[in-house]
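Here the structure comes first, spelled out in structure tokens, and everything after it is commentary.
The values are calculated or read from the model by the stated rules, or taken from the named source; none is laboratory data. Here the structure is a predicted model, which is why all the values come from computation and not from measurement. Cβ atoms come from the backbone with ideal geometry, glycine included; neighbour counts cover every protein chain shown.
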Amino acid sequence: MANFPILSVLLALPVLGAIACLLTDAAKARWIALLTTLGVFVLAIGMWATFQVGGPQWQFTEYQTLFGKFSWALGIDGIALMLIVLTAFLMPICILASWRSIEKRVPEFMACFLFMETLMIGVFAAQDLYLFYIFFEAGLIPMYLIIGIWGGANRIYAAYKFFLYTLLGSVLMLIAMLWMVNYAGTTSIPALMETDFPVEAQNWLWLAFFASFAVKMPMWPVHTWLPDAHVQAPTAGSVILAGVLLKMGGYGFVRFSLPMFPEASGTLIWIVFGLSMVAVVYTSLVALVQQDMKKLIAYSSVAHMAFVTIGLFAFNRQGIEGGLIVMLAHGLVSGALFLCVGVVYDRMHTREIGQYGGLSNNMPKYAFFFMFFTMASVGLPGTANFVGEFLALIGAYQANTWVAAVATSGIILGAAYMLYLYWRMAYGTARTAEAAAMPDLDKREFLLLAPLAAATLWMGVYPESFMAPMRGDVEILLERIDRARPQSDSQPTPGRPAAAAPAGHGESHGAAPAPAAEGAHH
Amino acid sequence: MQDFILILPELILTVGGLVLMLIAAWGGDKSGPLLTWLGALLLVAAAVFVPGVLPGSATGMAFGGLFAGDSFAAFAKLVIYAGAAVAMLMAMSWFGRDRDYRAEYPVLILFSAIGMGMMVSANDLLTLYVGLELQSLAAYVLAAFQRSDTRSAEAGLKYFVLGALASGILLYGISLLYGFTGTTLFEGVAAKLADGVATGELFGLVFVLAGLAFKIGAVPFHMWTPDVYEGAPSPVTAFFASAPKVAAMALLVRVSVEAMGPATEQWRQIVIFAALASIVLGGVAAIGQRSIKRLLAYSSINNVGFALVGLAASGVAGVAAVLTYMAVYLVMTLGTFMVVLRMRDAEGRPVETIASLAGLSQTRPMLAFAMAIFMFSLAGIPGLFGFWPKFLVFDAAVQAQLTWLAVVAIAMSVISAFYYLMIVKKMYFDTPAPAYAPTREPVGSALLVISALIVSPLGYLAIKPLGEAATTAAQALF
């Protein structure tokens, strides 16, 4: 087991599946894709099971000097592990979601998705800077095709916008990488994470990486590609976009921006906080007035991603762990919400909220799942989002009280737009005859939503399973960035000796302090 | 004797080319296919005897320093011969349909290849000029190869007039350099430039660079490129876009580094300007094109701009990056043209509009797939091999403290990504246009598959050997 190149197998398997898909007809391609993604999922679970929590930071490492200037270096820490598991978990669901809704050019569609899976896993598994960049950028090609071929009416515009926007964001990062390798003399990510770059250069490098990750994330104001891409992409494309592709931005911050440029992260933190504060409030308000379901969820993604950035840049344990959990939770919940949209879209072929209504009458099972994921998105305690958002907000409060205050308002706005959406969709009477005649979930659709609901619940009730592998890595990250921690405006002064000790706030362990949490929400 | 061993590839091609010409004269146009295969064989034979290719073969200077048989020339020659051979084979079946293939075609390409070989081996301003003219004269004839087609004749005339002008500029520069330094040998010129660049020398340098910029089609001397590319028969365009570009670029590198090395600060500004101008113009002007050949002409201008970024960086890394760039570019551009050669309407007439590519992924999926690989690769999207040369060029620029140049150039590369994406969009997103006539060209298909495989992610496995060869070649200049 120790020498089994599991990461290479994880990368190779979807490619082989994709080639097999291209060579067969539609029916076989569906099954090949499903079996391949399930196989990858089993392997990923196996990896999770054998991952030694508290063991070495980098596990399952592989190293081949294949390419001269850079190498085939793979390896994962706990953060990458969780994101790979998320990817592998979402992929079979995506394939199943496209089972019937994709009718034309099925083999190509499945091949694109399988290529996409390899590239996404590659991003998280790469331990070589250039290898990471190649995986990171190459993902644009299949996604461009997925949006452009199988997307909605305005798909071509959306495909161009997605491609060129993210490409422009990323090219500057490449130059920064070239500079870094030139300075440090190594392309190994673990080595670069321990390299101290000159402080005056850090700001530039940080900005170059930020340009890329902020677009990917996406942060306000460079988020405008996301609603277009989401609305036009087929359901499975939206799921993978929201579930995994957006996480690459957050992963980039944790893997590159923070540990490689701690000083710059400290000095330029105002950019992150400022943009995130705007994003939380502004995109929530925009989401409130949307008439298109997918657009609404897309804008809510931008708001949720702002919690991630706020948490990650809080420079403390609660914040970073919270940001990471929000990433995972959002991957599950927004993916599920897009699937919910996909279910009714397959029946009515419209995403306009005004065409629906009263779905709880004729689609009770659907209404249940939709309700569950709506609540999860709002951050109801007991669901995954709650854990992450609560931790991120605790972290943010310790870093900057103003940021925490503004971000918390986002939770209220989030509840507003999600509940408003649910009200218009599920309650009252149907606005159109077609909506009233829609059949409830069939077995396949049930099979799509149930695992997501289970995972959301699991992460909400017992987040320790997901936090444990990441704890050690957050610890290492904290040690690394501690020297650059910016001055906080939250300075609890010791009150009467009978009250809590001043250290109490900072040391409180943030796993699941349930009673305090409810207070923060209501 | 040593001298003749060093020019053995040129000797083989010269003698072989003359023999082929005699066969063509007596055998008539029927002998065309045979001559093509013989020509390709001659190029392979010449490639084997390039100094430095066979282990233990002699390398060095021939004829008192006029002609360099070093590893730089060897790298460039191998790429050039490969490009010329492929261009020859591609043309055979394309012309063959209208029975307008004539036996001179492979002979002209062979003569052009001799000229190109001399260009990259030139270590003297006059050798340089002779090689350049030999290559160009063959190229002028090739551009006008379809005598019955007015566009082809126009292309030949335009190419000739502008090419002659460029030759004049180049010669003027050479005469200035000779006048002010008293020598035409590269080392001699460099030695004179080392003690300060006089105004006259500076003028000579500028004129030489202007003449060579014309040959590589860099802005602002690019105007001939779209017209000639569009007018010349497609296989000839493919040839123009590949081997001669490599030769001219290698020549420019050698002149810049060996003859003008001490004046690097002076020519660097010129090269940087030409690089950025080419990248921007090649990117912006291509967007509105309707003809695929014109689009590829602007694409070549764009790519030359990126290669010039490597030259601006100079040093071993920069020169190696330029060489790698041109080698990979040759494969990408020949592959793209192989797809273009297959664009024929139902009656078998060649089609050149981009609009006719619409929906190709549904009418001809494999062809569309290959084209998509070439387009993404030309755009430099990672995952495909076209990314790698761009990467090397930017890496060299960063190493040479020209980070700003790399930043500007890479940001501009997004513009050019747009029109490559446009082709992919046409092929994959649009509703199908009338399908192209089916083709049966086993040789062409094999070449197409090979070039697509090289450009695909599998190409990354070639990074190590290619990088080592390019670095050895680049070290020959320093």
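Quick notes on this one:
- When we screen A:Glu445, A:Glu507 for residues that are of a type outside the set (A, V, I, L, M, F, W, C), at negative phi and at pLDDT 85 or above, the only hit is A:Glu445.
- Some residue of region B:354-367 being more than 10 Å from chain A (Cβ to nearest Cβ), assigned to a loop (DSSP other than H, G, I, E, B) and of a type in the set (A, V, I, L, M): yes
- Listing of helices (runs of 4 or more DSSP H) fully contained in region A:101-193 that carry 1 or more residues being among the aliphatic types (A, V, I, L, M) and at the interface with chain B (Cβ under 9 Å from one of its Cβ atoms): A:106-125, A:129-138, A:140-150, A:155-184
- Residues of region B:387-405 classified as more than 9 Å from chain A (Cβ to nearest Cβ), surrounded by fewer than 24 Cβ atoms within 10 Å (Cβ to Cβ) and not hydrophobic (A, V, I, L, M, F, W, C), total: 1
- B:Leu384 within 25 Å of A:Ala159 (Cα to Cα), touching a residue at least 40 places away in the same chain (Cβ under 8 Å), within 11 Å of another protein chain (Cβ to nearest Cβ) and crowded, with 24+ Cβ neighbours inside 10 Å: yes
- Being in a helix (DSSP H, G or I), surrounded by fewer than 21 Cβ atoms within 10 Å (Cβ to Cβ) and more than 7 Å from chain A (Cβ to nearest Cβ) is a property that B:Val408 has.
Okay, residues lined up against (1) within 28 Å of B:Glu352 (Cα to Cα); (2) modelled with pLDDT under 90; (3) surrounded by fewer than 24 Cβ atoms within 10 Å (Cβ to Cβ); (4) among the charged types (D, E, K, R):
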residue: B:Val246; (1), (2), (3), (4): yes, no, no, no
residue: B:Leu252; (1), (2), (3), (4): no, no, no, no
residue: B:Pro262; (1), (2), (3), (4): no, yes, yes, no
residue: B:Glu265; (1), (2), (3), (4): no, yes, yes, yes
residue: B:Ile270; (1), (2), (3), (4): no, no, yes, no
residue: B:Ala277; (1), (2), (3), (4): yes, no, yes, no
residue: B:Gly283; (1), (2), (3), (4): yes, yes, yes, no
residue: B:Tyr298; (1), (2), (3), (4): yes, no, no, no
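- Unmet requirement for A:Arg255, which otherwise passes all of (1) among the charged types (D, E, K, R); (2) crowded, with 24+ Cβ neighbours inside 10 Å; (3) over 17 Å from the mean Cα position of the chain (by Cα): (3)
- Residues (surrounded by fewer than 16 Cβ atoms within 10 Å (Cβ to Cβ), more than 14 Å from every other protein chain (Cβ to nearest Cβ) and part of a loop (DSSP other than H, G, I, E, B)) located in region A:45-74: A:Gln52, A:Val53, A:Gly54, A:Gly55, A:Pro56, A:Gln57
- Counting only helices (runs of 4 or more DSSP H) that fall entirely inside region B:231-321 and contain at least 1 residues that are charged (D, E, K, R) and out of contact with any Leu (no Cβ under 7 Å at 6 or more places or on another chain), the qualifying elements are B:243-254, B:264-287, B:292-313.
Conditions tested, residue by residue: (1) modelled with pLDDT of 90 or more; (2) crowded, with 18+ Cβ neighbours inside 10 Å.
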{"position": "B:Glu441", "(1), (2)": "no, yes"}
{"position": "B:Gly444", "(1), (2)": "no, yes"}
{"position": "B:Val449", "(1), (2)": "yes, no"}
{"position": "B:Leu453", "(1), (2)": "yes, no"}
{"position": "B:Ser456", "(1), (2)": "no, no"}
{"position": "B:Tyr460", "(1), (2)": "no, yes"}
{"position": "B:Leu466", "(1), (2)": "yes, yes"}
{"position": "B:Ala469", "(1), (2)": "yes, yes"}
{"position": "B:Leu477", "(1), (2)": "no, yes"}
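- Residue in region A:249-257 that is assigned to a helix (DSSP H, G or I) and among the β-branched types (Val, Ile, Thr) present: yes
- Only one entry in A:Ala229, A:Ala236 is out of contact with any His (no Cβ under 7 Å at 6 or more places or on another chain), of a type in the set (A, V, I, L, M, F, W, C), within 18 Å of A:Tyr299 (Cβ to Cβ) and buried (at least 24 other Cβ atoms within 10 Å of the Cβ), namely A:Ala229.
- In region A:75-100, residue farthest from the other protein chains (Cβ to nearest Cβ) [restricted to those that are within 22 Å of the chain's Cα centre (by Cα) and not hydrophobic (A, V, I, L, M, F, W, C)]: A:Gly78
- Cβ-Cβ under 6 Å pairs, at least 6 apart or on other chains, region B:459-473 side more than 10 Å from chain A (Cβ to nearest Cβ), far side outside any helix (DSSP H, G or I): B:Gly459/B:Phe385
- Residue match in region A:374-384 (condition: in a helix (DSSP H, G or I), of a type in the set (Ser, Thr, Tyr) and in contact with a Phe, Trp or Tyr (Cβ under 8 Å, 6 or more places away or on another chain)): yes
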